[in-house]
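Structure first, then comments.
A short reminder: the numbers here are calculations on the coordinates, not readings from a lab. Because the structure is a prediction, the values reported are computed rather than measured. Every residue, glycine among them, receives a Cβ derived from its backbone with ideal geometry; neighbour counts consider all protein chains shown.
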Amino acid sequence: MGITKEVLKPYVDLVRARIAKNPDNPTWATCDDRWRAVVDHAKGILAEASRGVPGDRNERTAAKAIVRIGADVEPRVVVETVLAMYMMMDLEARRFRSDSAFRTQLVRRVMRLSEVNVAEWHDHQTGRVRRTYRDFTPGASDVISGWLIETLGVVGLHMAKLHRSDIEQAGQAKADFHKALTDLT
């Protein structure tokens, strides 16, 4: 089952809390800049393709999607989403059967921040227009996930490690308190 916006929201909140806890840390601006660099790289790929330079079809498909996301969505929203996915992977690893499953869900969640892969069709039975999300080819999805992981993965892993450390410290403080209570006479 896919990771919905509602399922990811608690992890986005954790990311936002970490950002609020360290608002002056240059990591956040660097993450935003790294995302912008991915968008610029994608624009370069599309520029070469428009000049007739041969290239990989999956890379061009990925570049089109990234450029559109870059135009439609603020960099911080993309950064928060990627970091939240890493937090989820660390705290709820059972949601992802494999690294490949994580990468696929990472791409889906980021791409659904915009209308990049939305298709509409007319349902003749109901007379309504229906919307559906189309997945990218596995090759294009691999390119996008590679760019996201290379750009923001290390920050996501570090944030997950920090959160796990916070959980362990809170657990230790609780255990110490319970120990002190049992030692009361």
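Summary of values
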read-out	value
Tail fraction, Cα-Cα pairs, the chain, threshold 26 Å, whole percent	41 percent
At most 10 other Cβ within 10 Å, DSSP loop - trypsin sites (Lys or Arg not before Pro), the stretch 65-103	Arg97
Cross-link reach list, aspartates and glutamates versus Lys9, counting only Cα pairs under 16 Å and skipping chain neighbours closer than eight places	Glu80, Asp90, Glu92
With Cα atoms, 0 to 90° folded angle of helix 57-72 axis to the chain main axis	70 degrees
Between 0 and 90°, nearest 10: helix 5-21 axis offset from the chain longest Cα axis	60 degrees
Relative exposure of His124, His178, His158, judged by other C-beta atoms within 10 Å (fewest first)	His124, His178, His158
Set Lys21/Lys43; Lys5/Lys64; Lys21/Lys174 screened for pairs whose C-alpha atoms are more than 27 Å apart	Lys21/Lys43
Euclidean distance between Cα centres, the stretch 1-57 to the stretch 86-134, Å	17 Å
Base-10 log of normalised Debye intensity for the stretch 75-177 (one unit scatterer per alpha-carbon) at q = 0.13, 0.15, 0.17 Å⁻¹	-0.60, -0.72, -0.84
